Amino acid sequence: MALNVRLVPDKKYIRPGDAACPGCPEALGLRYLGMALGDKAVLVVPAGCSAVIQGIIPRNAFHFPTVNIVFAAGASTAAGMAAAYEVLGKDAIVVVWAGDGGTADIGFASLSGAAERNDNILYICVDNEAYMNTGIQRSSLTPYGAWTTTTWTGKKEHKKDLPLIMISHKVPYVATASIAYPHDFIAKLKRAASIKGFKYIHLHAPCPVGWKFDADKTVHVAKLAIETGMWVLFEYYNGRFSISPPSRPYIDKSKRKPVIEYLKLQGRFRGLSKDDIERIEKYIDDTWSWYVLLEKWSNMGKDISRLIERQ
Amino acid sequence: MVVLPLTGNYAVAWAVKRARVKVIAAYPITPQTTIVEKLSEMVENGELDAKMIRVESEHSALAAVYGAAIAGARAFTATSSHGLLYMHEVLWWVSASRVPLVMAIVTRAIGPPWNIWTDHSDLLDQRDTGWIISMAESNQEAFDLTLQAFKITEDDRVNLPMIVGLDAFILSHTTAPVDVLEQEDVDRWLPERKQLYVIDPNNRFSLGNIASPKDYMMFRYDIEKAMDNARRVILEVDREYGKVFGREYGGLVECYKCSDAKYTVVAMGAWAGDAKEAIDILRDNGYAVGVLRIRFIRPLPVNEILNYLSGMKGVIVLDRSVSFGAGGQLFTEVSSILASRGRPPAMKGVIAGLGGVDVSYSEIKDIVLKFINEVEDQGWFIKRQEWFMPYEYSFKDYG
Ligand SMILES: Cc1ncc(C[n+]2csc(CCOP(=O)(O)OP(=O)(O)O)c2C)c(N)n1
Ligand code: SF4
């Protein structure tokens with residue numbers, strides 16, 4: 001998945017003057033989205049920070065044609081737009097740009113529906129691991145142990161593995177990405193855009209406000225998530241599951257940085273006990289052994305969407 | 001003229017086909033289901049060149065057709081009762097996006113307890129959403145309204161979505177002859193889709209990001225203006241349709257023998273037909289009575305109600321729904337309009353037929369006769385709520 005930076009358009013898809021907080025991962029991700037998809041993208045944005053980042057009417061910082069929509073209707077609105085473009089013979093890539101809440105919680109039924117129907121859309125979950133727009137409440141993608149304003153003593157449940165759930169929908173394309181690895185993200189966007197049918201990319205997006213770290217550390221924290229193995233980059237495509245190059249070194253557990261390096265930078269994990277940290281370490285190990293197994297099965301030619309379903 | 005025996009639901013599906021709708025999305029709910037089944041069949045056998053999105057909920061159904069509509073396609077959905085309530089937030093989003101879109105509502109009671117029969121609570125729960133809301137009396141009118149809805153919503157003075165209501169089972173599942181017109185004639189009458197804006201890669205348009213309170217209020221004012229324009233457009237389309245196809249209904253209301261009446265019954269939907277029969281019997285017995293049938297509850301037919309009703313001796317309003325703690329919605333609206341012009345006629349609001357309780361023309365005759373006698377005996381009064389109760393067929397009063 002080599003990517004030549006010179007081939008990436010230098011046109012700006014996020015104009016100066018957006019309303020994002022300093023160090024915002026969503027604004028960063030949107031820039032990469034513009035670089036990858038250019039003028040063909042039409043954005044569907046359910047409620048969340050990215051609805052606010054655009055700024056105030058009559059101005060809009062997004063240089064994409066953009067439809068804001070009610071919280072639960074990202075995938076369904078996009079499905080209708082894609083259907084219309086198809087019958088009207090218009091060339092467009094319909095992209096849903098939704099938060100973890102809009103994706104994994106309130107929007108989950110419409111997401112699952114669009115995936116099962118294989119609607120021709122590219123769905124991106126911008127995962128900052130909580131409802132940030134309403135002031136940092138837990139979502140089903142908030143990790144174990146994290147403080148939020150609805151989990152004052154730390155969340156007691158693990159993050160749900162949404163990318164695997166999406167693979168079990170037997171869609172043509174699922175990938176994870178990170179705002180710290182733009183080459184990987186852009187390449188995945190481009191690949192996804194070339195496929196007809198339902199595509200899902202789960203973008204890890206550390207938020208300085210909600211996670212309580214300094215605004216100049218967004219990329220650093222995102223990178224540590226990969227280096228500690230907390231977040232794993234992979235791609236599921238043509239029925240094949242493969243761990244992506246930035247994450248490959250960490251198949252070897254000894255290469256992973258201690259997770260504490262990731263956790264200690266973030267105020268949301270301040271209350272963790274030793275036990276909690278052990279639980280998180282075990283979560284990382286479990287996740288990895290699972291992904292490595294999936295890659296192995298997939299190399300043996302197995303349809304892993306079926307295997308996941310049966311687990 | 002192409003007359004076919006059709007249920008109300010199939011009549012709606014035929015109108016959708018005649019309008020050459022491009023995208024349909026819907027979710028099954030009794031009694032709306034047969035609309036979607038018929039449309040699926042039409043799409044699958046190539047009769048209708050459209051995409052059918054078989055969504056996983058009504059929330060998604062309306063969001064999907066909304067997406068199709070802003071992307072430039074003529075789009076349609078249909079639902080009932082709980083499905084409509086599940087869509088509710090999207091209704092607001094659609095109208096404030098000022099995008100033409102048409103939806104059929106087969107009116108059905110709301111649970112619990114579960115009840116699949118007609119009343120108008122689901123429809124009237126949408127009064128404030130910024131949709132144009134109409135209600136048919138017959139299968140033919142369901143067809144005509146659905147077809148007209150595309151022209152009304154796409155008129156550049158309007159750009160608002162529209163609901164076509166029809167009563168569960170009484171229309172939806174009852175067969176009657178329906179003139180579905182010739183396709184060429186419809187094509188000549190209904191232009192290609194027009195809309196304020198289209199969102200696609202060639203139209204860098206943004207919709208719905210945050211507005212200042214002042215701008216927000218201006219947008220709201222524009223919707224009210226468009227609703228007002230819709231009054232004129234509905235009338236124009238009705239007249240033009242009458243000229244071209246021979247059926248004209250009167251615009252926002254239909255006056256049935258109400259011009260020379262002293263007493264008038266106000267009703268909406270299929271049972272207005274029963275009210276007409278009741279009135280005919282009363283007329284035969286020497287009573288000067290008429291029916292004012294509400295065809296559109298939004299925009300509210302303010303002038304029509306004033307013009308037809310303010311000179312009446314008595315007005316009785318039949319509501320097939322109730323706003324708990326206030327009374328029947330039609331009564332509330334009609335009485336407030338009449339009260340705006342001096343002393344209104346004697347008035348009574350009757351709540352009947354909830355959850356599909358059958359109300360026959362002879363019962364309506366009795367209800368109206370009782371009202372006339374009360375006014376003649378006691379003189380002027382206003383009674384906001386009287387329930388016509390099943391089982392004992394008696395009346396119960398609430399202030
Ligand atoms: C039906 C509905 N319920 C609640 C809200 C309030 N709300 C707006 S954004 C939001 C949270 C968004 O969280 P997420 O999807 O994770 O996106 P983020 O803000 O983190 O980018 C909530 C709860 C809403 N707009 N609509
Ligand atoms: S709260 Fe986080 S995600 Fe939301 S705008 Fe601020 S930095 Fe971005």
Averaged over residues of B:195-203, the number of beta carbons from other chains lying within 10 Å of each residue's Cβ is 5
Carbon and sulfur atoms account, in whole percent of the 1.4 Å probe accessible area of segment A:36-109, for 62 percent
The B/A contact buries a total accessible area, at probe radius 1.4 Å and rounded to the nearest 100 Å², of 2900 Å²
Note: chain B, point scatterers on Cα, Debye, no solvent; log10 I/I(0) at q = 0.06, 0.07, 0.12 Å⁻¹ equals -0.23, -0.31, -0.91
Mean Cβ-within-10 Å packing, highest first, puts peptides A:73-83, B:13-23 in the order A:73-83, B:13-23
Per residue, accessible area of the protein assembly as shown with a 1.4 Å probe, heavy atoms of protein chains only, in Å², comes to 38 Å²
Only helices counted: for chain A, with every DSSP H run of 4 or more residues adding -39500 (n - 2.57) and the sum spread over all residues, [θ] at 222 nm is -10500 deg cm²/dmol
Inter-part gap, Cα centre of segment A:129-171 to Cα centre of segment B:334-399, in whole angstrom, is 56 Å
Share of accessible surface on carbon and sulfur in segment B:83-139, whole %, 1.4 Å probe and ligands ignored, is 60 percent
Here the residues of segment A:72-86 whose accessible area is at least 20 Å² smaller with all protein chains than in the chain alone (probe 1.4 Å) are A:Ala72, A:Ser76, A:Thr77, A:Gly80, A:Met81, A:Ala83, A:Ala84, A:Tyr85, A:Glu86
CD proxy, 222 nm, chain B: helix-only mean residue ellipticity via -39,500 (n - 2.57) per DSSP H run with n ≥ 4, per residue, nearest 500, stands at -13000 deg cm²/dmol
The lysines whose Cα lies under 24 Å from the Cα of A:Lys196, excluding any fewer than 8 residues away in the same chain, are A:Lys40, A:Lys90, A:Lys170, A:Lys188, A:Lys302, B:Lys22, B:Lys51
Among trypsin sites (Lys or Arg not before Pro) in segment B:273-376, those in a DSSP loop whose Cβ has at most 13 other Cβ atoms within 10 Å are B:Arg341
Under 14 Å by backbone N from the virtual spin label 7 Å along Cα-to-Cβ at B:Asn203, the residues of segment B:43-83 are B:66-75
Here the percent of antiparallel bridges among DSSP beta bridges lying wholly in chain B, to the nearest 5, is 30 percent
Expected field for B:Met42, accessible surface area in Å² at 1.4 Å probe radius, rounded to 10, holds 0 Å²
Listed by chain and number, the lysines with an alpha carbon less than 18 angstrom from that of A:Lys257, same-chain partners under 8 positions apart left out, are A:Lys217, A:Lys223, A:Lys274, A:Lys282
With R₀ set to 56 angstrom, the calculated FRET efficiency between the beta-carbons of B:Lys194 and B:Lys370, to the nearest 0.05, is 0.65
With the 8 Å Cα cutoff and a minimum separation of six or more residues, chain A has a relative contact order in percent of 16 percent
Output field shielding_mean for A:37-43 (other chain Cβ, 10 Å radius) holds 3
The rounded separation in angstrom of the Cα centers of segment A:186-237 and segment B:250-319 is 64 Å
Among the Cα-Cα pairs of the protein assembly as shown, the proportion with separation greater than 48 Å, in percent, is 28 percent
Inter-part gap, Cα centre of segment B:31-102 to Cα centre of segment A:48-68, in whole angstrom, is 26 Å
Rounded to the nearest 5, the percent of DSSP beta bridges in chain A running antiparallel is 30 percent
The aspartates and glutamates whose Cα lies under 18 Å from the Cα of B:Lys370, excluding any fewer than 8 residues away in the same chain, are B:Asp274, B:Glu277, B:Asp280, B:Asp284, B:Asp319, B:Glu386, B:Glu392, B:Asp397
Two pseudo-spin positions, 7 Å from Cα along C-beta at B:Ala176 and at B:Glu47, lie apart in nanometres by 2.1 nm
DSSP beta bridges in the protein assembly as shown: the antiparallel percent, rounded to 5, is 30 percent
Output row, site A:Ser194, 7 Å Cα→C-beta label point, backbone N cut-off 17 Å, window segment A:70-89, residues none
FRET efficiency (A:Glu261, B:Phe219; Cβ distance; R0 41 Å; to 0.05) is 0.25
For segment B:57-77 the residues that are at least 50 Å² less accessible with all protein chains than alone, 1.4 Å probe, are B:Ala71
With all protein chains present, segment B:253-398 has a carbon and sulfur share of its accessible area (1.4 Å probe) in percent of 49 percent
Taking the chain alone as reference and the full protein assembly as comparison, with a 1.4 Å probe on protein heavy atoms only, the residues of segment A:101-119 that lose at least 30 Å² of accessible area are A:Arg117
With DSSP loop assignment and no more than 14 other C-beta atoms within 10 Å, the GluC sites (Glu not before Pro) in segment B:187-242 are B:Glu192
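The values are calculated or read from the model by the stated rules, or taken from the named source; none is laboratory data. Computed from a prediction, not measured in an experiment: that's the story for all the values here. Don't worry about glycine lacking a Cβ; one is built from the backbone with ideal geometry, like all the others, and counts go over all protein chains shown. SASA here: full protein model, heavy atoms, side chains in, ligands and nucleic acids out. Shrake-Rupley method; radii C 1.70, N 1.55, O 1.52, S 1.80 Å.
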